[in-house]
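Here is the structure we will look at, set down as structure tokens.
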Amino acid sequence: MVAGVPGVSQAVCLLALEMGVFSIIGVHIFRDSSYELYGNFARGVLTSLQITLYDAAFSQVIRDLVLEHGAIAVVYFLVHLTATSLCTLNITVNIFTDQYLRIQ
């Protein structure tokens, strides 16, 4: 269990950094049209966390923002979801690998 802690902690730090960066970008892009979601950094982080967790309510929000902002919103959400999915996958694989090696 201890062997996987550095890998998991690095992936969690990378995920937090990625969420912070995309929160800043989201506030810059969507602040005027969607203040309740991206009005400031804290709201952007909360929205980014909910998108990262694939909250079902945000599919309509993402759709509305894509329809309003066009290609820039599509690129933003595709890159955001891809990056967070890869970080989350890295965490999951690291945990499973650590458990497998511990059984061996």
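Please verify whether ALA83 is of a type in the set (A, V, I, L, M), closer than 30 Å to LEU101 by Cβ and open to solvent by less than 30 Å² (accessible area, probe 1.4 Å), treating the condition exactly as stated. So ALA83 passes the test.
Taken together, GLN50, GLN60 contain a single residue that is over 19 Å from GLU18 (Cα atoms), assigned to a helix (DSSP H, G or I) and not small (Gly, Ala, Ser), which is GLN60. In region 21-29, is there at least one residue being in contact (Cβ under 8 Å) with a residue 40 or more places away in the chain, open to solvent by less than 70 Å² (accessible area, probe 1.4 Å) and more than 20 Å from SER85 (Cβ to Cβ)? Yes - at least one qualifying residue is present in region 21-29. Pairs are defined by a Cβ separation below 6 Å, a sequence spacing of at least 6 or placement on different chains, a first member in region 79-104 that is more than 16 Å from PRO6 (Cβ to Cβ), and a second member that is open to solvent by less than 50 Å² (accessible area, probe 1.4 Å) and assigned to a helix (DSSP H, G or I); the pairs so defined are HIS80/PHE22; ALA83/GLU18; THR84/THR52. For the structure I just gave you, tell me whether ALA73 is assigned to a helix (DSSP H, G or I) and closer than 20 Å to VAL12 by Cα. It is false that ALA73 is assigned to a helix (DSSP H, G or I) and closer than 20 Å to VAL12 by Cα.
The values are calculated or read from the model by the stated rules, or taken from the named source; none is laboratory data. None of these values were measured; they are calculated from a predicted model. All Cβ positions, even for glycine, are placed from backbone atoms using ideal geometry, and neighbour counts span all protein chains on display. Ligands, DNA and RNA are stripped out before the accessible areas are found, and what is left, the full protein with its side chains, is counted by its heavy atoms. Shrake-Rupley method; radii C 1.70, N 1.55, O 1.52, S 1.80 Å.
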